1. Between a first residue in segment 74-86 that is farther than 19 Å from M1 by Cβ and assigned to a helix (DSSP H, G or I) and a second residue that is open to solvent by 10 Å² or more (accessible area, probe 1.4 Å) and not aliphatic (A, V, I, L, M), which pairs have beta carbons less than 9 Å apart while being 6 or more apart in sequence or on different chains?
2. Sort out which residues of segment 46-60 are within 16 Å of the ligand (Cβ to nearest atom) and in a loop (DSSP other than H, G, I, E, B), and write them in order of number.
3. Out of T151, T142, T120, T189, which single residue is in contact with a His (Cβ under 6 Å, 6 or more places away or on another chain) and of a type outside the set (A, V, I, L, M, F, W, C)?
4. Of everything in segment 1-45 that's open to solvent by less than 10 Å² (accessible area, probe 1.4 Å) and in a loop (DSSP other than H, G, I, E, B), which residue is farthest from the ligand (Cβ to nearest atom)?
5. Filter segment 166-187 down to the residues that are open to solvent by 20 Å² or more (accessible area, probe 1.4 Å) and outside any loop (DSSP other than H, G, I, E, B), then identify the one that is nearest to E43 (Cα to Cα).
6. Residue check: is Y160 among the aromatic types (F, W, Y) and assigned to a loop (DSSP other than H, G, I, E, B)?
7. Of the conditions (1) in a strand (DSSP E or B); (2) out of contact with any Ser or Thr (no Cβ under 6 Å at 6 or more places or on another chain), A133 fails just one. Which one is it?
Amino acid sequence: MRILLVEDEVAICEQVSRLLRAEGRVVDVAHDGEEAYFLGSTEPYDMIILDLGLPKRDGVSILKDWRAEGVDTPVLILTARDGWSDRVDGLDAGADDYMTKPFHMPELAARVRAMLRRRTGQTNPIFEKNDLAFDTRNGRATFGGVPVDLTSQEVAVLSYLVHNNGRLISRTELSEHIYEYDGDRDSNTIAVFVARLRKKLGSDLIQTIRGRGYMIDAA
Ligand code: CA
């Protein structure tokens, strides 16, 4: 699952992006309002974490523009503004959740997990099928009860297919959700990741729909 993190304080940015990546997310970072607006308007994120006080453009105005343009990506506001009226403004502008700084990392991580689950209609954080158990909270998998080593790209592919289980995912859509913005997006390598996942997790987990994409059936 791919997340846009908008934050101009470098230390917070590094801390949060490290945490998200450790849980198997793909993270793009924007340090100012213009970059944030551009990325959020053009890239298909699974959620956005948005600071309000930003260089070049304010977070609330960016959010209002996204919503007016039909960008429906879930947005979690993360800001030092903690007045009740700021929270009302943020939520009214189209935010789905609101957290004030200073904050506790585990709480942010939990809110991100909840938001990603809501986004895709998942209620159970652990996905089980055949011998696989995949924990969507941290990207860890076991097969027949034994932990399986997965690369970050394999986790990204598996996580997106699991979050969207029961839905056919095209290679293009998959590539848009498993690579970072400046990453090398080669849709041929997706076939390689899928082949490796099948080797590690069983050949019948991921279906190939020829010429159209991939799917994991609901458990
Ligand atoms: Ca700020």
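The values are calculated or read from the model by the stated rules, or taken from the named source; none is laboratory data. Source: prediction; values computed, not measured. Cβ sites come from the backbone with ideal geometry, for glycine too, and all protein chains shown count toward neighbours. Heads up: the accessible areas ignore ligands, DNA and RNA and are worked out on the full protein's heavy atoms, side chains in. Shrake-Rupley method; radii C 1.70, N 1.55, O 1.52, S 1.80 Å.
1. Final answer for the pair search is D86/Y98; D86/T100.
2. Taking segment 46-60 as the starting set, the residues that turn out to be within 16 Å of the ligand (Cβ to nearest atom) are 48-60.
Selection gives D51, L52, G53, L54, P55, K56, R57, D58.
3. So the residue among T151, T142, T120, T189 that is in contact with a His (Cβ under 6 Å, 6 or more places away or on another chain) and of a type outside the set (A, V, I, L, M, F, W, C) is T120.
4. M1
5. Only one residue fits best here, namely E176.
6. Details: among the aromatic types (F, W, Y): yes; assigned to a loop (DSSP other than H, G, I, E, B): no.
So Y160 does not fit the description; no.
7. (2) is the only condition that A133 fails.
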